[in-house]
Amino acid sequence: MLRTRTLHVVAALVAGLLALSLAGCGEDAADSEGFTVGLLLPNRVTPRWELSDKPLIEKRLKELCDDCTMMYANAENDASRQREQMTSMITNGAEILILDPADSKALRSSIQEARRSGVPVIAYDRLAEGAISGFVSFDGAKVGKLQGEALLKAMADRGEGSTVVMMNGDPSSANAAWFRKGAMSVLQGRADIARSYETIGWSPENAHANMSAAISALGADRISGVLAANDAIAAGVISAFKKAGVEEIPPVTGQDADLEAVRRIVQGEQYMTVYKPFEKEAAAAAAMAVALGRGEDARDVSTTATDSPTHKDIPSILLTPTPVTAGEIESTVVNAGVFTVDQICTPRLRADCAAIGLTG
């Protein structure tokens, strides 16, 4: 289980840290010798990795260190492949690794090998076991709590019971348990958890199969809401209800504010998602990588500390997520420049967008 310990630094420091002290790194970039950062992401199933995180980290890294270069690899949900990718990057000169582990436990030996080679590893978005030098993510317990609170509200508004199906993430990811713990902190005693599933690979196909099993076992009319850990899982959940001929889908949560998820919220198929400003997460990871690459301590740019199953007091930056329902799309992802109204409101969705006041 994850345990975070807040240090004597106010939460507001994060924004200033990324905007000010990191700008200082950028000012020194031209005078500093560059180095190579390896970025390892876990899969292609979740759209954010390729569409947001990779380009944002690369962009911010170049802003902070114009002589730095970046290697990139995607594990495609294969921990063995990711181990090989880590070894290859180190062999080819990577001096810092930013790792989003395909399996939080399975990469432990590779992280130890990186440490022996003098290559610091920053765990990105998902905590990894082993001797990591830093951790950058969003507060997973808060993510789950926001999902649970939204689901309780949606079920209460519908007035059709409190029977919940838990569609958790992949158990190989430390985040899955973190999200679930946060959700259960508000659902426990206030909802009837009728079924709980783990979604291997965070894949919509596995989520569809699990949800179909729940519908078969419980009956669609007995399911009051679904706690789906992220938007890919939500997509599989919703497709299972549609295949079962359910016209009024119960409230379904999500996470990551994927474009298709935002469109599903506009349509009324998905109740909510959790928006995590990926630009801030990418900036924090790039800042920590640059600090470590220049021989500085990760604690110089961290704002809290996290305990993993193997190590304590890991220097960390944990950012704050934001819930998004239909009425909050404009004030969150649109105003932040993540998506435009035109991107969300395709011709097919214009009437739905107008109905919720999303007209640009």
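Tabulated results
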read-out	value
Segment THR320-ARG348, extension gain: residue separation times 0.36 nm, minus the distance between their alpha carbons	6.8 nm
Sum of side-chain charges, ALA326 neighbourhood, beta-carbon under 12 Å (Lys, Arg +1; Asp, Glu -1)	-2
In Å, descending, principal axis extents of the Cα set of segment 82-138	30, 18, 15
Packing-based exposure ordering (other Cβ within 10 Å, fewest first) of TYR275, TYR72	TYR72, TYR275
4 °C / 1.567 mPa s Stokes-Einstein diffusion coefficient of the chain, Kirkwood radius on C-alpha pairs, µm²/s	62
Gyration tensor (Cα) of segment 233-356, equivalent ellipsoid semi-axes in angstrom	37, 18, 10
Neighbour-count ranking [beta-carbon atoms within 10 angstrom, fewest first] of ASP256, ASP125, ASP67	ASP67, ASP256, ASP125
Linear extension gain, ASN92 paired with ALA336, 0.36 nm per residue minus alpha-carbon span	84.1 nm
Of the GluC sites (Glu not before Pro) in segment 285-360, those whose Cβ has at most 15 other Cβ within 10 Å and which sit in DSSP loop	GLU296
Label point distance in nm, ASP307-GLU260, each placed 7 Å from Cα along Cα→Cβ	4.0
Per-pair calculated FRET efficiency, R0 = 56 Å: THR36 and ARG222 via Cβ, rounded to 0.05	0.55
Over the chain: helical MRE at 222 nm, DSSP H runs n ≥ 4 each giving -39500 (n - 2.57), nearest 500	-11500 deg cm²/dmol
Where only alpha carbons of segment 92-227 are counted, the Rg and the Dmax (Å)	18.3, 59
Square roots of 5 times each gyration tensor eigenvalue, C-alpha, segment 164-312, largest first, Å	34, 17, 13
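Where a number appears in this text, it was derived from the coordinates with a stated rule and is not lab data. Predicted, not measured: the structure shown is a model, and the values here were computed from it. Virtual Cβ from ideal backbone geometry, glycine too; neighbours counted across all protein chains shown.
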